[in-house]
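J.: Input: one structure, supplied below.
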Amino acid sequence: MTSRVTLISPAVSRSLREARFDDGCPLDETGAARARSAGGTLRPPDRALFSPTVRCDETASALGLDAAPVPELAGLRVGRWRGRTLDEVSANEPEAIAVWMTDPASAPHGGESVRELCDRVTAWLETAAHAAGRTVAVVEPEIVRAVGVRVLGAPESAFWRIDVPPLTATTVSGRSGRWNLTVGQPLGRLEP
């Protein structure tokens, strides 16, 4: 049985524009309009899911998906950094940012490490492999990064080297524990 999981990154929100650790803000007007315009470009999936964040929920709705939240697909938990900008944290905690960006096992913010996130996402992906048909999930960019790292067998340090633009699709497909990866497809140009 071949499984296909398409991960769609959310549309733009104020937090994303400001490089702010997710603070639960909704999509901005431009992001919502772009997501609505991409609606209808996806073939109806067998199941639709989303990271339990406001911007992923709103993106899924704008795309016309009747999606359910999945706790295992939550974004990276950043503890006390939530709601702060990367510039603010870098200015106040430069050593902590340096460690966080270079050591996948670190969690200086008191939340979750990149390694823990990758492990969590890998466990979810293993269960998704047993679902027949197509799964579409609107997920935070770090979920896409974690899937990319694990599917390719890359070191976790590669996590920060993967850019995930808004409203793009990354698809993994495979069977028997072997996944193939297709990255960065703009919505509207997805393979059938």
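The values are calculated or read from the model by the stated rules, or taken from the named source; none is laboratory data. All of these numbers come straight from a predicted model, not from anything done at the bench. A quick note on method: Cβ atoms are made from the backbone with ideal geometry, for glycine too, and the neighbour counts reach across all protein chains shown. Protein only, heavy atoms only, side chains kept; ligands, DNA and RNA dropped before computing areas. Shrake-Rupley method; radii C 1.70, N 1.55, O 1.52, S 1.80 Å.
J.: Could you pull out every residue, at least 5 positions away or on a different chain, whose amide H is within less than 5 Å of the one on residue 28? Hs are placed 1.01 Å off N in the peptide plane, and Pro or chain starts have none.
T.: Here the answer is 13, 14, since their amide H atoms fall under 5 Å of that of residue 28.
J.: Moving on. Using a Gaussian network model of the chain with C-alpha springs under 10 Å, which one of 99, 54, 144 is most mobile by mean-square fluctuation?
T.: Highest fluctuation among the options: 99.
J.: Could you tell me what percent of the accessible area of region 1-148 is made up of carbon and sulfur, with a 1.4 Å probe and every protein chain present? Walk me through the numbers on the way to the answer.
T.: On the way: 3390 of 6510 Å².
Answer for region 1-148: carbon and sulfur cover 52 percent of the accessible area.
J.: Starting from the Cα coordinates of region 19-87, work out the convex hull volume and express it per residue in Å³.
T.: Numbers: hull volume 6.1 nm³, N = 69.
Looking at region 19-87, the number lands at 89 Å³ per residue.
J.: Which value, to two decimals, describes the C-alpha radius of gyration of region 49-167 once divided by 2.2 N^0.38 Å?
T.: Cα Rg divided by the expected 2.2 N^0.38 Å: 1.11.
J.: Let me ask something else. Report, by chain and number, residues whose modeled amide H sits under 5 Å from the one on residue 131, excluding near sequence neighbours (fewer than 5 apart, same chain).
T.: Result for residue 131 returns nothing.
J.: Now, a different point. Hey, in the GNM for the chain with a 10 angstrom Cα cutoff, which one of 80, 20, 145 fluctuates hardest?
T.: Looking only at 80, 20, 145, the largest GNM fluctuation is found for 80.
J.: Also: Before I look further, what does the chain give for accessible area per residue, probe 1.4 Å, in whole square angstrom? Spell out each step's value before the answer.
T.: Working: 9220 Å² over 192 residues.
Per residue, the chain has 48 Å² of solvent-accessible surface.
J.: How big is the charge dipole of the chain about its Cα centre, in debye rounded to the nearest 20, if each Lys and Arg gets +1 on its Cβ and each Asp and Glu gets -1 on its Cβ?
T.: Details: 22 positive and 24 negative charges, 139 e Å.
The calculation lands at about 660 debye.
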